Amino acid sequence: MKPTGPIPPDYGVVGGELAIAGRPANAWAAEAGDTPLFVYDRAITDARVAAFRASHPPDLGLHYAIKANPYPPLLRHMLGRVDGLDVASAGELRIALAAGAGPEHISFAGPGKRDDDLREAVAAGVTLNCESEGEAARTLRVARELGRTPRIAVRVNPPFELKGSGMRMGGGAKPFGVDAERVPALVRTLLDGGADWRGFHIFAGSQSLNADAITAAQANAIALAAELAEAVGAAPPLVNLGGGYGVPYFPGDDPLDIARVGAALGDALGIRRPVLKDSRFAIELGRFLVAEAGVYLTRVLDRKESGGRTFLVTDGGLHHQLAASGNFGQVIRRNFPVTIATRFSEPATVPATIVGCLCTPLDILADDVAVPAATGEGDLVAVFLAGAYGLSASPQAFLSQRPAREILA
Ligand SMILES: *Cc1c(COP(=O)(O)O)cnc(C)c1O
């Protein structure tokens with residue numbers, strides 16, 4: 001049998017069932033009206049925000065990267081708790097504005113913005129994180145046509161990376177941002193062009209559980225921001241230091257020591273160069289804030305034997321929760337934390353492979369894991385870590401199965 005990833009410590013048990021926000025899994029399925037469904041527990045996101053605030057300098061901004069989970073009720077909940085939203089498309093921009101976010105609290109990154117995306121962002125008054133000289137020229141032109149002053153930060157492709165990060169987005173040739181050595185000239189072009197220059201956006205990677213690696217990347221980002229500001233001869237109003245704070249998904253993963261990261265960041269900001277003394281700083285996080293708050297619940301339709309192995313076939317699958325199937329950027333498939341929610345208190349003693357309902361061998365939710373012996377038709381499977389890059393990062397249209405429901409607990 002293969003291990004599963006660690007179940008977040010925030011979940012309990014009621015009447016033998018997995019409890020989400022104090023209520024049994026089946027109660028959530030009944031409330032949603034059907035399975036499969038995603039349940040997001042707002043108290044868990046609140047706990048992550050609180051842990052961040054408690055360990056980081058008080059004047060550091062916390063931004064939420066909404067691509068992790070753009071579900072509107074969750075987004076409205078987050079709005080009152082974070083200092084800004086980072087969006088990565090005009091569609092996300094509309095979702096953020098509709099949720100009630102003020103344009104002054106929204107920044108828009110993404111390497112492929114069309115002129116109509118730029119027009120929408122400039123008209124709304126949000127900050128564009130500019131990804132290239134070409135995009136800067138198009139933004140200035142669009143803003144002239146609109147008779148508006150565009151708010152523009154420059155996304156820097158840093159000459160370093162976040163080591164050990166699941167998804168590297170800095171260091172070397174990249175489609176994201178502008179190579180650091182060309183940034184000062186671009187900022188001067190923006191200032192000469194009449195833009196409201198908002199500062200720098202330096203994002204070095206994602207999903208790191210290594211406090212020292214994050215600390216090193218943050219110190220490098222602060223030093224780089226100072227160097228660039230000195231070269232420009234102007235102080236950036238805001239330096240977005242990126243994020244990359246990870247969550248434990250797989251067997252052997254340990255939670256990130258955010259107390260250590262926050263303390264080291266406080267130290268690094270304390271000794272920053274004078275050019276940055278009046279700049280504000282922010283961290284942008286997606287999965288750290290919401291991943292552990294989400295559970296995907298899917299019903300067992302069938303228990304069958306084949307070639308000496310037991311398969312539990314569910315009504316869900318990779319069309320809702322691609323990452324758990326191992327097909328969202330993982331090199332080697334490993335099991336997410338998964339449990340039989342309706343038998344949470346029973347000992348898991350027999351091996352089974354839990355699959356989705358799609359006609360493809362890729363649709364595996366848990367491979368060769370221990371489940372309670374009586375597991376079968378009607379039981380609910382819970383896949384944890386479903387609060388980030390779940391439904392919105394999955395190919396829901398594939399095979400035209402029923403859509404997943406979502407509910408905010
Ligand atoms: C995706 C993304 C994030 C969020 O990453 P997480 O791993 O979810 O924290 C933050 N900033 C930028 C620029 C991104 O592209």
With R₀ set to 45 angstrom, the calculated FRET efficiency between the beta-carbons of Arg144 and Arg333, to the nearest 0.05, is 0.30
Lys and Arg at +1, Asp and Glu at -1: neighbours of Gly387 with Cβ under 14 Å from its Cβ sum to -1
Note, Ile222: beta-carbon cut-off 11 Å, +1 each Lys/Arg, -1 each Asp/Glu, net 0
For region 1-119 the mean separation of alpha carbon contacts under 8 Å (6+ apart) over residue count, i.e. relative contact order in percent, is 15
Per-residue ellipticity at 222 nm attributable to helices in the chain (runs of n ≥ 4 DSSP H, -39500 (n - 2.57) apiece, nearest 500 deg cm²/dmol) works out to -8500 deg cm²/dmol
So the FRET efficiency between Phe398 and Glu133, C-beta based with R0 = 35 Å and rounded to 0.05, is 0.40
Hydrodynamic calc, region 106-215: Kirkwood Rh from Cα pairs, then Stokes-Einstein at 25 °C with viscosity 0.890 mPa s, so D in µm² s⁻¹ is 171
The local net charge around Arg287, scoring Lys/Arg +1 and Asp/Glu -1 for residues other than Arg287 whose Cβ lies under 12 Å from its Cβ, equals 0
Nearest 10, in degrees from 0 to 90: the angle of helix 183-192 to the longest Cα principal axis of the chain is 60
So the FRET efficiency between Ala223 and Arg309, C-beta based with R0 = 45 Å and rounded to 0.05, is 0.25
Using alpha-carbon positions, the gyration tensor of the chain gives root eigenvalues a ≥ b ≥ c; with a/c under 1.5 called rounded, otherwise prolate if a/b exceeds b/c, else oblate, the class is prolate
Length gained, Ala98-Leu301, 0.36 nm per residue minus C-alpha separation, equals 69.3 nm
Stretched fully, the stretch from Asp115 through Glu230 gains (0.36 nm per residue minus C-alpha distance, one decimal, in nm) 38.2 nm
When Tyr40, Tyr296 are arranged by how many other beta-carbons sit within 10 Å of their Cβ, fewest first, they go Tyr40, Tyr296
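Every number in this text was worked out from the coordinates using simple rules, so none of it is lab data. Since we're looking at a predicted model, the values are computed, not measured. Using ideal geometry, Cβ is built from the backbone for each residue, glycine included, and neighbour counts are taken over all protein chains shown.
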